[in-house]
Each structure stands twice: as C-alpha cells, then as structure tokens.
Amino acid sequence: MNYTVVLPAAGSGKRMGAEGNKLFLKLRGKPILAHTLEVFQQDEWCEQIILAIKEEERHLIKVCLREYHLTKVTKLVVGGKERQHSVCEALKAAEGAELVLVHDAARPFIQQQVIHKLVEVAAEQGGAVAAVKAKDTMKLVRNGRVEETIDRETLWAIQTPQAFRYQLLVDAAKQADEQGFVGTDEAMLAERAGLPVYIVESSYDNQKMTTPEDLVLGELILTRREENN
Ligand code: CTP
Ligand code: MG
C-alpha cells in the first residue's frame, strides 16, 4: 500500500543546545536526518519523501541526500515558523497523494512494521497515530494540587508517524489555519475537525531526539540493534 511521507526538518533544535539544526548531529557517524530518511528510502511502500527545510540549509541537505543516496526525496519545500506551518507547506507539495504520513525528522528509530500498520489503519479509518502506553502514574494537577489520578489504561503517549487520508488532513489543516489554531501534532487538527483517529502501538525506541540525553539513548539503541543483527 503506497504512501507519501512528509518530514518536517525546518526546526532549530534549541533544546538540544547545539550550534545549528540538531538534525545534522551524528549518531554512529551519520546525521540524525540521514538515519530517519534511510528508513523510508528502504521501505517499498514509500513512494516519495517531501522535506520541509530552512532555505539557508538547502545546500547542506542536498549534500546529505547525495552522500547517503536518498533518492526518494522529491521535493524540498521551505518550512515555517512553527512545526505546523512547516508540515502545511510540505503537505501542499504532496498534492495528488492518497495516503500521507507525517513524521518528525528527529525520530530516527521508527520501524517499518509500525509504518505499515499505520498506513493500513489510516486507509481504512481515516487517521492513525503511533503511540506507546504511559509508563508513569498520571495525575491531573491544578495550581500544584492533585485533583485526580487518571486511569493509566486510558493514557497513551503520542508520537509520529501520523498517517491520514490526504484530503482529510488537508481539509483539517485548512480549517485550523482559518481559525488561527496551532496544534502540537496533526491528530489534534483532525480531532478538532471531528475525524476519527486511531492509535497503533509503537515502540519506546521511537524517541524524538530533543535534548542531549536523547543522543546517549540513541547511541545505545543503535548498539543494541547491531548486537541483535
Ligand atoms: N520543525 C519544523 N519546523 C519548525 C519547527 C520544527 O520543521 N518551525 C521540525 C523539526 O526539525 C523536527 C520536528 O519538527 O524534525 C519536531 O520538532 P522539535 O523536536 O521541536 O525540533 P526543533 O523545533 O528543531 O527543536 P526545539 O523545539 O528544541 O527548538
Ligand atoms: Mg520545536
């Protein structure tokens, strides 16, 4: 089942505290961006990859694509101020796709079996997001005071990829834009538009590289994968 993937890569990585875009930081000698792109390059179901980038990084990105033979990247579009704006620009460039996946370029450890399940559920239901069970006890707190403990069985931590029938997501994004709503993920836009979104259980490995500790974890994941192969 074919899909187009849209990867927002136009952030600045402030929380990582690196000099420039964190996506150029290396894990096992290879940029985070290349690790993420390779997953989709190797997935037969992936028809094309569209990247949202910063104009000033266009050259660096092109060099990376060439070096790692990432031939499925068809378009580099200029992203926006917030992640949602970057995704929106990339979605426009995906016109004609039936199924679209949105995935943070900063999550290099996504596995193909999760991607395929997401695509299947989205094709059938409209929308599907990768998620893991909450590990901790979760409480609702207001002004520092605990109001209640929320049943953990009902709580999921949401990741990307998030997969949708293309037109459903575009319409939901348009509606959000018109109402000046900025969400933290695509599912929020779909939920607001009243569309059904289902979860697909993913892995705790599919961590976003956000702060320096995540890089340590990233190296460990790669070591473990090497040992298992
Ligand atoms: N992103 C984007 N456009 C933006 C902001 C973020 O394309 N205006 C991308 C990032 O490049 C990243 C993904 O969205 O791949 C997830 O965002 P996040 O982890 O928050 O990355 P940054 O925004 O770069 O990091 P920070 O928030 O720490 O500055
Ligand atoms: Mg950010």
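The values are calculated or read from the model by the stated rules, or taken from the named source; none is laboratory data. Remember, predicted model here, so these are calculated numbers, not experimental data. Positions of Cβ are backbone-derived with ideal geometry, glycine not excepted, and every protein chain shown enters the neighbour counts. Just so you know, the surface numbers come from the protein's heavy atoms only, side chains and all, with ligands and any DNA or RNA stripped out. Shrake-Rupley method; radii C 1.70, N 1.55, O 1.52, S 1.80 Å.
The table below lists the values:
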| item | result |
| --- | --- |
| Low-density loop positions, GluC sites (Glu not before Pro), region 92-144 - DSSP coil, at most 10 other Cβ in 10 Å | 95 |
| Where only alpha carbons of region 108-229 are counted, the Rg and the Dmax (Å) | 16.9, 50 |
| Helical mean residue ellipticity (222 nm; -39500 (n - 2.57) per DSSP H run of 4+; nearest 500) of the chain | -11000 deg cm²/dmol |
| Cα-based radius of gyration of the chain once divided by 2.2 N^0.38 Å, which approximates compact folds | 1.01 |
| Percentage relative contact order, the chain, counting C-alpha pairs under 8 Å, at least six apart | 23 |
| Solvent exposure of region 1-130 as accessible area per residue, Å², 1.4 Å probe | 45 |
| Carbon/sulfur fraction of accessible area - region 1-89, other protein chains in place, 1.4 Å, % | 50 |
| Eligible lysines near residue 30 by straight Cα distance, threshold 28 Å, same-chain separation 8 or greater | 14, 22, 54, 62, 72, 75, 81, 117, 208 |
| Region 75-131: trypsin sites (Lys or Arg not before Pro) in DSSP loop, at most 10 other beta carbons within 10 Å | 81 |
